[in-house]
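The values are calculated or read from the model by the stated rules, or taken from the named source; none is laboratory data. Remember, it's a predicted structure, so these values are computed and weren't measured experimentally. As a convention, Cβ positions derive from the backbone with ideal geometry for all residues, glycine included, and neighbour counts pool all protein chains shown. Note: areas computed on protein heavy atoms with side chains; ligands, DNA, RNA excluded. Shrake-Rupley method; radii C 1.70, N 1.55, O 1.52, S 1.80 Å.
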Amino acid sequence: MSLPSRSSEAGIHVSGLSRRHGSFAAVDDLSFDVAPGEIFGLLGANGAGKTSCIECVAGLARPDAGLVRLAGLDPQSQSARAVFGLVPQQPGLPARLTVAETMALFAALYGVAVPGELLEQVGLSGRLRARVETLSGGEQARLSLALALVHQPRVLILDEPGA
């Protein structure tokens with residue numbers, strides 16, 4: 001599948017992306033560009049390769065072929081990590097930490113202060129002392145979103161945002 005190409009120095013550029021899992025081609029020759037400020041979605045049935053594509057775009061997996069760039073950077077480079085935030089399909093949050101501790105940990109990893117209004121914006125300001133393992137599924141999803149936004153990324157990647 002190929003869409004018209006645009007310059008995506010500040011967005012996402014994917015060209016000829018292919019990713020295999022053994023003999024199965026999860027993604028085969030996918031190309032697209034996402035411009036700054038644009039909302040872009042990958043739609044498809046289970047097993048269509050959406051998560052495999054997102055893993056390559058987020059630098060979690062190397063494509064077998066093709067080129068991926070986030071704001072002009074290789075997504076596996078250290079400098080690209082500051083450019084994007086990721087809400088993975090399975091967030092794997094630190095269950096024993098509190099919401100406040102988890103936010104402080106992620107903020108420290110990015111070398112930023114925890115934005116005071118962020119937990120309020122995602123509806124968790126009243127849960128600062130709650131352990132992550134006690135949060136409901138929806139609260140955990142909102143915490144995962146806050147963690148992805150803690151460093152104010154230019155690109156936000158959501159895997160299964162409606163799940």
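Leaving ligands, DNA and RNA out of it, rank Leu67, Leu86 by accessible area with a 1.4 Å probe, largest first. Present the calculation step by step, with values, prior to reporting the outcome.
Details: Leu67 75, Leu86 45 Å².
Sorted descending by solvent-accessible area, the residues read Leu67, Leu86.
In units of 2.2 N^0.38 Å, what is the alpha-carbon radius of gyration of the range 113-158? Kindly include the intermediate steps, with their values, before the conclusion.
Values: Rg = 10.6 Å, N = 46, 2.2 N^0.38 = 9.4 Å.
In units of the globular-protein estimate, the range 113-158 measures up at 1.13.
Leaving ligands, DNA and RNA out of it, work out the accessible area of Val68 with a 1.4 Å probe and give it in Å² to the nearest 10. The value for Val68 is about 10 Å². Against the chain, whose longest principal axis comes from its Cα atoms, helix 137-149 is set at around 70 degrees. Spherically averaged projected area of the convex hull of Cα atoms, the range 1-96: 7.3 nm².
Heavy atoms only, probe 1.4 Å: what % of the accessible area of the range 1-146 goes to carbon and sulfur, would you let me know?
Taking all protein chains in place, the range 1-146 shows 54 percent carbon and sulfur surface.
If you keep only loop residues by DSSP, which GluC sites (Glu not before Pro) in the range 62-144 have at most 12 other Cβ atoms within 10 Å of their Cβ? In loop regions of the range 62-144 (DSSP not H, G, I, E or B), the sparsely surrounded GluC sites (Glu not before Pro) are Glu117.
Each of the trypsin sites (Lys or Arg not before Pro) that DSSP puts in a loop and that has at most 16 other Cβ atoms within 10 Å breaks the chain; the longest unbroken stretch is 7-95. Could you state the angle between the C-alpha long axis of helix 99-110 and the longest principal axis of the C-alpha atoms of the chain, as a value from 0 to 90 degrees rounded to the nearest 10? On a 0 to 90 degree scale, this one is about 50. Counted by Cβ distance under 13 Å from Pro161, the other residues give a net charge of 0, where Lys and Arg count +1 and Asp and Glu count -1. Annotation: per residue accessible area for the chain equals 56 Å², rounded to a whole number [probe 1.4 Å, protein chains only]. Among the protein heavy atoms, those of Asp159 account for about 10 Å² of accessible surface (1.4 Å probe, every chain in place).
At 1.002 mPa s and 20 °C, plugging the Kirkwood radius over alpha-carbon pairs of the chain into Stokes-Einstein gives what diffusion coefficient in µm²/s?
Details: Rh = 16.8 Å.
My calculation gives 128 µm²/s for D.
In the chain, what % of DSSP beta bridges are antiparallel (nearest 5)? Show your work: numbers first, answer last.
Details: 14 of 19 bridges.
So the antiparallel bridges in the chain amount to around 75 percent.
For the pair the range 102-132 / the range 28-83, the C-alpha centres are spaced 27 Å from each other. The sum of -39500 (n - 2.57) across all DSSP H runs of n ≥ 4, divided by the residue count of the chain, sets its helix-only mean residue ellipticity at 222 nm to -7000 deg cm²/dmol.
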